[in-house]
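**Q** Got a structure for you, written out below as structure tokens; questions coming shortly.
Values in this text are rule-based calculations from the coordinates and carry no lab data. No experiment lies behind these values; they were computed from the predicted model shown. Every residue, glycine as well, gets a Cβ built from its backbone with ideal geometry; the counts of neighbours run over all protein chains shown.
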Amino acid sequence: MKSFARALILSTALAATLPAMALEIKGAKFGDTYQVANQSLQLNGAGIRVKMVFDVYAAGLYVTKKDSNAAGLISQAGAKGMQIVLLRNLTGEEFAEAMIAGFEKNHSDAEMAKFKPRVDELLALMKSFGSVKKGTTIHMNLVPGSGLRVLVDGAQKGRDIAGDDFYNALLKIWLGNSPVDSDLKKALLGGK
């Protein structure tokens with residue numbers, strides 16, 4: 001009986017040290033939690049961006065507190081993270097242009113004018129990626145007080161783009177009134 005109890009304790013301890021995978025979508029893995037700025041975030045939801053009939057990327061949204069309301073997630077204080085795993089080869093320019101189109105669809109002319117220097121900075125950063133291969137993981141994180149931090153396969157690219165307001169505006173690409181993919185928006189909000 002003692003050996004059974006010891007084996008149970010050891011297997012439980014081993015399981016606790018392994019990273020938990022909450023979800024796998026088309027080979028893209030999304031953990032239950034993700035660390036940004038020493039803050040533990042929870043996976044709110046994950047899904048696939050489909051353009052026409054092609055799977056473009058899988059995306060997962062990490063926040064401090066789960067919420068099924070888009071406006072609540074966008075305005076939520078603290079660190080946030082968007083994990084994007086490419087499901088096809090793209091160029092940085094293709095990825096950037098699609099993001100900018102989604103940004104424009106969810107903001108007024110006045111908002112676009114306000115964010116233009118930071119949008120241009122993000123566009124230049126993403127174009128610098130060159131060819132981005134299927135399986136590449138891009139993290140777009142909000143580091144409170146610092147702004148948008150972009151990592152490609154774990155390595156930071158460029159400098160942080162200032163402003164929590166800019167990151168929250170960026171989230172509207174996926175969670176706004178005109179999201180790039182309505183099924184992906186539903187999935188990011190925790191739906192199926």
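**Q** Please verify whether ILE138 is free of Cβ contacts under 8 Å to residues at least 24 places away in the same chain and within 17 Å of the chain's Cα centre (by Cα), treating the condition exactly as stated.
**A** no
**Q** Moving to a separate point now. Please verify whether ALA79 is under 29 Å from GLY27 (Cβ atoms) and touching a helix residue (DSSP H, G or I) at 6+ places or on another chain (Cβ under 7 Å), treating the condition exactly as stated.
**A** Spelling it out, it is not the case that ALA79 is under 29 Å from GLY27 (Cβ atoms) and touching a helix residue (DSSP H, G or I) at 6+ places or on another chain (Cβ under 7 Å).
**Q** Still on this structure, I have one more. Looking only at region 139-178, how many residues end up being touching a strand residue (DSSP E or B) at 6+ places or on another chain (Cβ under 6 Å) and either hydroxyl-bearing (Ser, Thr, Tyr) or more than 23 Å from ALA70 (Cα to Cα) (or both)?
**A** Total meeting the criteria: 7.
**Q** Exactly one of (1) without any contact (Cβ under 8 Å) to a residue 60 or more places away in the chain; (2) within 15 Å of the chain's Cα centre (by Cα); (3) farther than 20 Å from LYS186 by Cβ; (4) surrounded by 15 or more Cβ atoms within 10 Å (Cβ to Cβ) is unmet by SER40. Its number?
**A** (4)
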